[in-house]
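Engineer: Quick one: this structure, given as structure tokens, is what I'll be asking you about.
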Amino acid sequence: MISRIRTVKYLSWLTCSGFAALAAVFSAVYLYLDPQIPDAETYRHYQLETPLRIYADKGELLAEFGNRRLIPIELDEIPQYFKDALVYTEDKRFYEHGGIDWISLANDVVRLLFNPTVLTGASTITMQLPRNVADLSREQTFVRKFKEMLLALKIEQELSKDEILELYINVVPFGKRAYGLQAAAYTYYGKSAQKLNLPQLAMLAGIPKRPEAGNPINGPLWATKRRNLVLRRMLDNQIIDERQYGAAVVAPITANIHHRDVDLHAPYPAEWVRRDLIERYGRDIYSGFVVHTTIDAGQQAAAQSAIKNHLKAYDRRHGYRGPDGRIRIPEGEGSLDPYLKSFETRRSIGELEPGLVISTDEEDVHVLRSNGNKIVISREGYRWARPYIDKDNRGRTPRRAEEVLAPGDLIRIMEKDEQWQLAQIPNIQGALVALKPRTGAITALVGGFDFSRNQYNHAIQAARQPGSSFKPFVYSAALDHGITPASVYLDAPLVFDDENLEQLYRPRNDSGEYNGPTRLREALYRSINLVSMRVLLEVGAGNVLRHVRRFGFKTDAFPRNTQLAIGGGTMALTPLQMARGYAVFANGGYRITPHVIKRIETLDGSVILEPNYPIVCGPCEPDSGTGPDSAPRVIDERNVFIINSMLRDVIARGTGRGARELQRADLSGKTGTTNEAADTWFNGYHAGLVTSVWVGFSNHRPIGSTEYGSTTPLPIWVDFMRQALKNTPETLFAQPSGVVSAKIDPRTGRLARPDQEDAIFEYFFDEDAPTSDARPRTSSTAKTLGPEDIF
């Protein structure tokens with residue numbers, strides 16, 4: 001009897017000691033892990049990460065930023081079948097435990113003791129929450145499990161059961177980048193969760209167990225078994241009856257991929273918008289912001305295509321720079337599979353695929369593609385590849401394949417007209433900006449050849465010398481100071497004696513030729529530098545700077561010497577700034593504000609921002625308080641009309657003649673080429689659209705002595721405007737009051753005799769119109785000038 005009592009006492013002491021030791025262990029674990037886990041309060045205010053979506057003007061999806069495709073849904077909107085299916089499958093005692101299901105945990109501990117290789121889990125919905133909001137890793141370790149248990153206890157004290165369940169259903173992964181029930185419903189079935197039937201809801205309830213490998217697209221067999229398990233649990237718990245169960249388990253898989261792909265990949269304007277929003281709102285933009293932009297998807301596609309096509313054409317004109325790299329291919333036949341590894345770090349850039357030369361013969365090149373297929377490039381596909389020597393020189397045209405390529409060469413290839421060609425990724429860059437001159441709405445923007453290779457946006461970040469494309473602004477200042485298109489200036493050498501220079505400065509025309517007396521209009525369409533300089537000397541740099549500020553240019557860094565007349569020196573402007581300046585000519589003399597954001601909304605359609613930009617008013621009531629403000633007039637409409645007529649001549653008979661292929665009489669523009677062709681431009685417009693194009697190297701190196709604004713930028717502009725103005729009727733500018741036309745002698749600029757056969761019409765301000773006894777305005781002959789003569 002005494003022995004039995006002692007045994008009972010000993011066992012009691014052992015049990016108490018065990019519990020005490022266990023409590024001590026748990027206390028130690030708690031003290032160690034508690035500082036490492038987040039505060040449960042963060043889960044009450046957890047912000048659901050929803051992609052930032054950016055749309056074009058007519059609703060086309062341009063970009064989606066964010067790793068998670070998530071659409072929030074409230075608990076009372078979630079179908080009851082789904083809630084029951086999830087709870088009875090994932091955590092059947094969810095509404096009974098305090099965060100940890102001790103019964104399931106004990107069962108799993110026993111299983112683990114008998115079979116240590118079997119790792120089950122016993123994770124409740126509350127315990128799964130931390131890993132699904134990315135606070136804890138998914139690695140199966142005891143430390144992670146203890147962290148989940150401690151955090152689950154804290155969460156249960158902070159949140160109600162309904163709050164926990166709603167948060168879990170919104171953040172749990174369903175595969176295919178879908179997070180949360182509503183996103184999963186749209187991803188797999190193309191409709192909201194409220195419209196799904198029982199088999200579909202059961203299918204979704206089973207996915208969180210294996211979201212990638214076990215979804216109905218990647219793993220249909222496993223997904224079906226899991227769905228049927230979910231249905232069995234629903235039947236066992238009397239959520240559905242035998243009839244419903246029988247019909248649901250034999251239902252076919254109806255899931256498919258329904259998520260919306262990007263309609264047009266437009267990374268340059270999309271990233272510009274994203275950066276702007278980050279500055280305004282920070283990380284809140286990933287809580288479901290929806291941005292509607294002014295981008296015209298059709299114009300954006302045309303702009304991207306034109307830039308890519310003509311930069312590749314430039315690159316071919318200047319020769320083949322050689323393969324991207326080379327690997328060793330042993331002689332003799334063998335499997336090509338080992339060589340597929342060479343593609344692991346090489347991806348397609350646009351339509352330029354990576355390729356591996358596996359052999360050559362007299363005429364053909366045999367190339368391995370990244371998908372394992374072999375293609376043949378005939379001589380026509382590589383005959384362009386004359387070796388690059390420098391910007392102005394190439395080697396001879398290849399006659400045999402081996403002169404260009406060798407086995408092991410890592411190259412680029414492209415398919416055109418069902419024929420494969422050798423290609424290379426251009427180093428040259430280009431940019432295009434198009435906007436509506438009456439509103440400032442940007443309709444297309446391209447910042448480079450390929451965003452994935454170079455995220456620098458040359459359209460809005462690259463300030464470069466505008467060259468001769470700046471001359472229209474100088475000539476506009478001249479008109480305001482009594483100079484007319486008929487004014488005659490001497491196209492002859494100028495010499496500047498400046499003590500700050502080591503030698504005399506002798507500016508020259510690009511052609512190296514001089515034309516003698518030249519009318520202002522002709523000097524503009526032929527882009528004669530020395531006439532522009534003489535105009536600047538007469539008007540004065542200070543007056544020109546004050547005038548061009550009206551177009552929106554910031555002139556602090558502009559040169560105050562003759563370089564101002566030809567867009568050189570310290571002058572630097574982006575394509576966006578040039579487009580804004582030319583918009584004043586296109587809209588009749590008003591300064592507008594370029595913009596790309598039309599409206600920012602939340603997912604539910606609430607408006608966050610809807611900017612009000614000034615517009616050029618026609619039928620609208622300016623400054624009425626009921627609509628947009630009126631853009632300020634900054635240039636006399638008479639001045640604008642005459643400049644427009646002069647810039648039309650640039651296309652009709654000058655350096656922009658390449659645009660005549662569009663067969664329109666309502667286009668105006670100006671080429672621009674800087675010293676050594678480091679920057680080449682074409683800025684042009686129609687009454688409804690202004691487009692600026694720049695082409696050059698990012699590092700400012702010259703692009704070639706045969707390259708001009710008319711060589712690459714103008715063809716880009718032409719291809720873009722062909723698409724952008726399709727079905728747009730011709731729109732000619734009406735002659736405003738205060739402008740008169742008169743017949744003049746084309747050689748002297750004086751009023752023509754009544755019987756003069758070669759007389760031409762010219763426009764004048766009413767007060768500057770020539771009279772029969774007037775002598776033409778002419779500049780002085782060549783002389784040596786000091787810097788003070790410029791002002």
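The values are calculated or read from the model by the stated rules, or taken from the named source; none is laboratory data. Because the structure is a prediction, the values reported are computed rather than measured. Because the Cβ atoms are built from the backbone with ideal geometry, glycine has one as well, and the counts that use them run over all protein chains shown. In case anyone asks, the SASA skips ligands and DNA or RNA and just uses the protein heavy atoms, side chains included. Shrake-Rupley method; radii C 1.70, N 1.55, O 1.52, S 1.80 Å.
Engineer: I want to confirm something. Restricting to the range 117-150 and keeping residues that are over 27 Å from residue 183 (Cα atoms) and in a helix (DSSP H, G or I), which single residue is modelled with the lowest pLDDT?
Structural biologist: Result: 142.
Engineer: Additional query: Go through (1) acidic (Asp, Glu); (2) free of Cβ contacts under 8 Å to residues at least 12 places away in the same chain; (3) surrounded by 14 or more Cβ atoms within 10 Å (Cβ to Cβ) one by one and return the number of the condition residue 324 breaks.
Structural biologist: (2)
Engineer: Which of the residues belonging to the range 538-552 are open to solvent by 10 Å² or more (accessible area, probe 1.4 Å) and either part of a loop (DSSP other than H, G, I, E, B) or modelled with pLDDT under 95 (or both)?
Structural biologist: 550, 552
Engineer: Between 713, 702, which is in contact (Cβ under 8 Å) with a residue 24 or more places away in the chain, surrounded by 21 or more Cβ atoms within 10 Å (Cβ to Cβ) and out of contact with any Cys (no Cβ under 9 Å at 6 or more places or on another chain)?
Structural biologist: Residue meeting the stated conditions: 713.
Engineer: How about the range 343-379: which of its residues are more than 26 Å from residue 306 (Cα to Cα), outside any strand (DSSP E or B) and open to solvent by 20 Å² or more (accessible area, probe 1.4 Å)?
Structural biologist: Within the range 343-379, 344, 345, 361, 362, 363, 364, 370, 371, 372, 373, 378, 379 meet the criteria.
Engineer: Okay, moving on. How many residues does the range 163-218 contain that are small (Gly, Ala, Ser) and in a helix (DSSP H, G or I)?
Structural biologist: 7
Engineer: Can you tell me which residue in the range 406-455 is modelled with the highest pLDDT, limited to those that are outside any strand (DSSP E or B) and touching a Ser or Thr at 6+ places or on another chain (Cβ under 6 Å)?
Structural biologist: Looking at the filtered set, the residue picked out is 440.
Engineer: Contact list please: Cβ distance under 6 Å, first residue in the range 47-70 and open to solvent by 40 Å² or more (accessible area, probe 1.4 Å), second residue at pLDDT below 80, pairs at least six apart or on different chains.
Structural biologist: 49/68
Engineer: Can you pull out the residues in the range 178-194 that are in contact with a helix residue (DSSP H, G or I) (Cβ under 8 Å, 6 or more places away or on another chain) and surrounded by fewer than 20 Cβ atoms within 10 Å (Cβ to Cβ)?
Structural biologist: 191, 192, 194
Engineer: I'd like to check something: does the range 410-431 contain any residue that is small (Gly, Ala, Ser) and closer than 30 Å to residue 615 by Cα?
Structural biologist: yes
Engineer: Given the residues 526, 560, which is the only one that is under 17 Å from residue 683 (Cα atoms) and surrounded by fewer than 21 Cβ atoms within 10 Å (Cβ to Cβ)?
Structural biologist: Result: 526 is the single residue among 526, 560 that is under 17 Å from residue 683 (Cα atoms) and surrounded by fewer than 21 Cβ atoms within 10 Å (Cβ to Cβ).
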